[in-house]
Amino acid sequence: DAGVIQSPRHEVTEMGQEVTLRCKPISGHNSLFWYRQTMMRGLELLIYFNNNVPIDDSGMPEDRFSAKMPNASFSTLKIQPSEPRDSAVYFCASSSGTQPQHFGDGTRLSIL
Amino acid sequence: AQSVSQHNHHVILSEAASLELGCNYSYGGTVNLFWYVQYPGQHLQLLLKYFSGDPLVKGIKGFEAEFIKSKFSFNLRKPSVQWSDTAEYFCAFLSYNTDKLIFGTGTRLQVFP
């Protein structure tokens, strides 16, 4: 099993630019989660999907953030426009039912 | 509100010392409990889980955790730590009415040789 695949692994861009993070969940998993991790705020759940439908987006910081899951094998998290305070590691995770979540390697995002 | 408390934010130990990390959750119903570990620069990995049955669960790398329902606790233990256990440890639970994991703030463990 390939695990949860995230791309890119690292992203450095200037503030104001659009950033798109990608995630491919484990095949057969029906829940997908986007997290953000920073030193100051720790691990935060941004949004999660179940069967491609957004269930809880209460953690999305503001309208600059959006997430989509067009099909069971792909999700994107978009930030437009990006700001320096968005710099963090963004993790995607997937799971099936109540089984443990499996995390991807993360995307380290730096906004200059 | 559903929450997880990890009271130890930073723990420093010497190799071969015993480890116990505290975890308390706030939820009155049935829960599934997890400990995840995050090694420096890496993603979170599952260390162990409790769903039901024997409240003492054993995980990878010699870790174990005990679920005490009356105390709403799920403390992580290891009798003898190694330098390679240096990492951040997260306790989490899953309530039965949601797919959302509730994470604690994490405990940073540093083990010195």
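Laid out as a table, the results:
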read-out	value
Residue with peak Gaussian network fluctuation, chain A [Cα springs, cutoff 10 Å], from A:M40, A:M69, A:M60	A:M40
When each of A:K24/B:K61; B:K49/B:K100; B:K49/B:K71; A:K24/B:K69 is checked by Cα-Cα distance, pairs over 25 Å	A:K24/B:K61; A:K24/B:K69
Volume of the Cα convex hull of chain B, divided per residue and given in Å³	97
Translational diffusion coefficient (Stokes-Einstein; Kirkwood radius from C-alpha pairs) of chain A at 25 °C, 0.890 mPa s, in µm²/s	177
Among A:I26, A:I79, A:I55, residue whose mean-square fluctuation peaks in a GNM of chain A (springs only between Cα atoms under 10 Å)	A:I55
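No value in this document is a laboratory result; all are computed from the given coordinates. Since the structure is predicted, the reported quantities are computational estimates derived from the model, not experimental observations.
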